[in-house]
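Structure first, then comments.
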Amino acid sequence: MAKLIVADDHPLFRNALINAISSTFATKATVETDSFESTCAALEQHPDADLLLLDLHMPGNCGFLGLIQLRKNYPSLPIVVISASEDLDVIRRVMSFGASAYVPKSANPVDISTALNAVLDGELWVPKNLQKQILEQGDTEQDLDLASRVAQLTQQQYKVLYYLTEGWLNKQIAYDLHISEATVKAHITAIFRKLGCTNRTQVVIQAQRLTLEPPVDRAMAQHQ
């Protein structure tokens, strides 16, 4: 009997996933979240959670950046990434950055249950048909070095970095985070130092190496 946090901003998929899990997997409680911020809040409120099921494309998650932050802040919590992508490079990087499993959204309930049970048993899980290819690709030192740098950021610095990737001005960031522009500048200086950058452009370029293109349906919705 496991307590799950299911983090996905699509209510229909969240409900479908929870129903699929409940048909083959014993849960004692399920907590639902729809953004990176609400996921962090749920993790604070539910320290007894056994598993986090994470969508990479939630608002505020910024691709791999959110996963790296969660792995740093909750080192003992197994994270199962649920994603529509079946790109081998995405799966390899997800596992490199600390996920315990990668489950495609196309997976059937039995596979999802198998993945969750494997993770609770302390194992890593990816789809069987992709295991060999992912192992053959291996990790890149460049990815792991950048991930270790990002992991040095505080939660507030991570939020500022996210806004920088979105092209926000200092005053916009200050307003949204309810802090002064001087504090924003201090966070940006710390981000420069930790990521080994000297200006905002370099920071954004570095961060973009750890972000993901939105799925086609979301990309279309953003331009409508």
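The values are calculated or read from the model by the stated rules, or taken from the named source; none is laboratory data. Everything numeric here is computed off the predicted structure, so don't read it as measured data. Counting neighbours? That spans all protein chains shown, and the Cβs are built from the backbone with ideal geometry, glycine included. Please note that ligands, DNA and RNA were not included when accessible areas were found on the heavy atoms of the full protein model with its side chains. Shrake-Rupley method; radii C 1.70, N 1.55, O 1.52, S 1.80 Å.
Criterion first (touching a Ser or Thr at 6+ places or on another chain (Cβ under 6 Å) and open to solvent by 40 Å² or more (accessible area, probe 1.4 Å)) does P47 satisfy it? Spelling it out, it is not the case that P47 is touching a Ser or Thr at 6+ places or on another chain (Cβ under 6 Å) and open to solvent by 40 Å² or more (accessible area, probe 1.4 Å). Looking only at region 51-76, residues that are outside any helix (DSSP H, G or I), in contact with a strand residue (DSSP E or B) (Cβ under 7 Å, 6 or more places away or on another chain) and under 16 Å from S38 (Cβ atoms) come to 6 in all. Considering region 5-39, the residues that are more than 18 Å from P104 (Cα to Cα), among the aliphatic types (A, V, I, L, M) and in a strand (DSSP E or B) include one that is nearest to the chain's Cα centre (by Cα), namely V31.
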